[in-house]
Amino acid sequence: MVSKDAAEKALNLIRGRLCNPNFIFRPLCDSPDSNYSKLKFIVSSSVTEACNNSVLLLGPRGSGKVAVLELVLEDLLVEYPDMITLIRLNGLLHSDDNSAIKEIARQLCVEHQLLFSKMASFDDNSEFMIAMLRECGLAHKTIVFVLDEFDFFTQGKQRLLYSLLDAMQSVTSQAVVIGVSCRLDADQLLEKRVKSRFSHRKLLFLPPSEEDIYRLLDHVLSLPVDSSLPHDYAIEFNAKLRSMFSEERFRQVIDSYMNFSPTVQHLVKFLFWAVSDMDLKLGYLSFENFKSAISSLQRQPKMECLRDCSILELYVLVCMKRLEVKEQNSYSFSAVMKEYKSIHDSFQTSDYYSQDVCLRAFEHVLQRGLVCFADGRGRIQSTEFRPVKLLISFVELSQGLKAHHSCPAILQKLAS
């Protein structure tokens, strides 16, 4: 019998790990081909070889761009404690060139214990930044500029980016510009004069593979055997966990998660949900914990709307899905009716209604928010002539049809 205190300690330990991005991403940084290793090499070479570099970290939200960057900066600040000055900007706060250059000047003044003038102009602050780059370069000190939400800095005349990258062309400067963006085309937003001064290094952050996910699961959920936890309990906990990992039903849950949202951020949320559902009396993680977590994570308002749809409304949605498979990005009610008639003619279904009844079902689907008009134009047009598009994915539609209490089998077949 597992003591409740030991189970609570294990639960708190795993929760603490899930709240620590550095712990989560550490096993993904071992490979020399990892983004961690590549980014660390770029920044450390600027520190040790007194050169200038610029790089973009690109990937969807939740893919670990900022977490890996923080891990690199933390390690480098330990290795080179007096040789790095860190300047942080965020495009949501500092997209205006004047406010951005003023924030750079303020952080440089704080770092080097200088007096900051709030009344300084853009040109004054720009000259101050150039002078600090030169002085830090002569002192063999690297300034690292982190520009989060990088794509916001590309709006307007891009004076900040030009001033910064142009100042880095000098042999006396020693700096690294790191841009972070969820837009994969962020480098294409740069003006020609800025692009010519950018080094065009890009690190792409992709969703973790299935192998990486299982490595993360083992890394985060396994208990240390040499800790204050009972030794036998930790060994049995890990054995049960690895046995569950090898089960086919558990692999199906992980596959369902990867189809839903395969980012590290959502994986952490999924694990936190599963761990919080652990039975303290039992003291171990069970398959039901993960099954419940994936069900809670996938619960969405649109899925709830699908369960309340009539059979005819489901037919309308399936017809739209079939039209999109045929590469029609937008379509009117008449196109949906043609597809509906072709299904009836092909399968001789009993669910066949008049055009007026179908139009009411079409309007109900619009009201539910499962479909929207393709553009804001043509408001004077009748609903049946305006182009529309689906707002739910094919996976969501397929799952909604399976969960519907009276969905015809032919619809599930057509949507699969």
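The values are calculated or read from the model by the stated rules, or taken from the named source; none is laboratory data. Just so you know, these numbers come straight off a predicted model, no measurement behind them. Positions of Cβ are generated from backbone atoms using ideal geometry, with glycine treated the same way; all protein chains shown enter the neighbour counts. SASA here: full protein model, heavy atoms, side chains in, ligands and nucleic acids out. Shrake-Rupley method; radii C 1.70, N 1.55, O 1.52, S 1.80 Å.
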- Message: Among the residues that make up the stretch 378-387, is at least one of them over 19 Å from residue 260 (Cα atoms), small (Gly, Ala, Ser), open to solvent by 50 Å² or more (accessible area, probe 1.4 Å) and at pLDDT 85 or above?
- Response: no
- Are any residues in the stretch 1-53 charged (D, E, K, R) and either within 27 Å of the chain's Cα centre (by Cα) or surrounded by fewer than 15 Cβ atoms within 10 Å (Cβ to Cβ) (or both), and if so, which ones? 4, 5, 8, 15, 17, 26, 30, 33, 38, 40, 49
- Quick one: what pairs do we get from the stretch 382-397, first residue farther than 14 Å from residue 329 by Cβ, second among the hydroxyl-bearing types (Ser, Thr, Tyr) and not in a helix (DSSP H, G or I), C-beta under 6 Å, 6+ apart or different chains? 385/332
- Failed item in (1) under 20 Å from the mean Cα position of the chain (by Cα); (2) open to solvent by less than 10 Å² (accessible area, probe 1.4 Å); (3) over 30 Å from residue 106 (Cβ atoms), with residue 181 passing the rest: (3)
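Are any of the residues in the stretch 89-101 in contact with a strand residue (DSSP E or B) (Cβ under 7 Å, 6 or more places away or on another chain), assigned to a loop (DSSP other than H, G, I, E, B) and open to solvent by 20 Å² or more (accessible area, probe 1.4 Å)? Spell out how you get there, then give the answer.
Filtering the stretch 89-101 for residues in contact with a strand residue (DSSP E or B) (Cβ under 7 Å, 6 or more places away or on another chain) gives 89-91, 100.
Cutting the leftovers down to assigned to a loop (DSSP other than H, G, I, E, B) gives us none.
No, there is no match, as no residue in the stretch 89-101 is in contact with a strand residue (DSSP E or B) (Cβ under 7 Å, 6 or more places away or on another chain), assigned to a loop (DSSP other than H, G, I, E, B) and open to solvent by 20 Å² or more (accessible area, probe 1.4 Å).
Considering only residues that are at pLDDT 80 or above and either open to solvent by 40 Å² or more (accessible area, probe 1.4 Å) or farther than 25 Å from residue 64 by Cα (or both), which ones fall in the stretch 292-306? First the steps, then the outcome.
Within the stretch 292-306, the first condition is being at pLDDT 80 or above, and the residues that meet it are 292-294, 305-306.
Selection gives 292, 305, 306.
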- In the set 334, 342, which member is touching a residue at least 40 places away in the same chain (Cβ under 8 Å), part of a helix (DSSP H, G or I) and more than 29 Å from residue 259 (Cα to Cα)? 334
- Assuming residue 369 fulfils every condition listed in (1) at negative phi; (2) loosely packed, with under 14 Cβ neighbours inside 10 Å apart from one, which condition is it? (1)
- Of the residues in the stretch 113-136, those that are in contact with a strand residue (DSSP E or B) (Cβ under 8 Å, 6 or more places away or on another chain) and open to solvent by 10 Å² or more (accessible area, probe 1.4 Å) come to 132
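Of the residues 282, 204, 229, 241, which is hydrophobic (A, V, I, L, M, F, W, C), surrounded by fewer than 16 Cβ atoms within 10 Å (Cβ to Cβ) and farther than 29 Å from residue 57 by Cβ?
Values: 204 fails: farther than 29 Å from residue 57 by Cβ; 229 fails: surrounded by fewer than 16 Cβ atoms within 10 Å (Cβ to Cβ); 241 fails: surrounded by fewer than 16 Cβ atoms within 10 Å (Cβ to Cβ).
Criteria check complete, one pass: 282.
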- Item | Top-ranked residue in the stretch 137-150 [being open to solvent by less than 50 Å² (accessible area, probe 1.4 Å) and in a helix (DSSP H, G or I); ranked as modelled with the lowest pLDDT] | 137
- Message: Take the conditions open to solvent by 50 Å² or more (accessible area, probe 1.4 Å), of a type in the set (Lys, Arg) and in contact with an Asp or Glu (Cβ under 8 Å, 6 or more places away or on another chain) and apply them to residue 322. Does it pass?
- Response: yes
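For the stretch 318-331, which residues satisfy the criterion of being out of contact with any strand residue (DSSP E or B) (no Cβ under 8 Å at 6 or more places or on another chain) and either under 13 Å from residue 384 (Cα atoms) or not in a helix (DSSP H, G or I) (or both)?
Pass one, the stretch 318-331, residues out of contact with any strand residue (DSSP E or B) (no Cβ under 8 Å at 6 or more places or on another chain): 318-319, 322, 325-328.
Hits for the stretch 318-331 are 326, 327, 328.
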- Query: Does residue 113 satisfy the condition of being of a type in the set (S, T, N, Q), without any contact (Cβ under 8 Å) to a residue 60 or more places away in the chain and assigned to a loop (DSSP other than H, G, I, E, B)?
  - Reply: yes
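Specify which of the listed residues (329, 289) is farther than 21 Å from residue 218 by Cβ and either at pLDDT 85 or above or out of contact with any Cys (no Cβ under 8 Å at 6 or more places or on another chain) (or both). Outline the logic, then answer.
Numbers: 289 fails: farther than 21 Å from residue 218 by Cβ.
When all the criteria are applied, what remains is 329.
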- Listing of helices (runs of 4 or more DSSP H) fully contained in the stretch 200-317 that carry 1 or more residues being touching a Leu at 6+ places or on another chain (Cβ under 9 Å) and without any contact (Cβ under 8 Å) to a residue 24 or more places away in the chain: 231-245, 264-276, 287-298
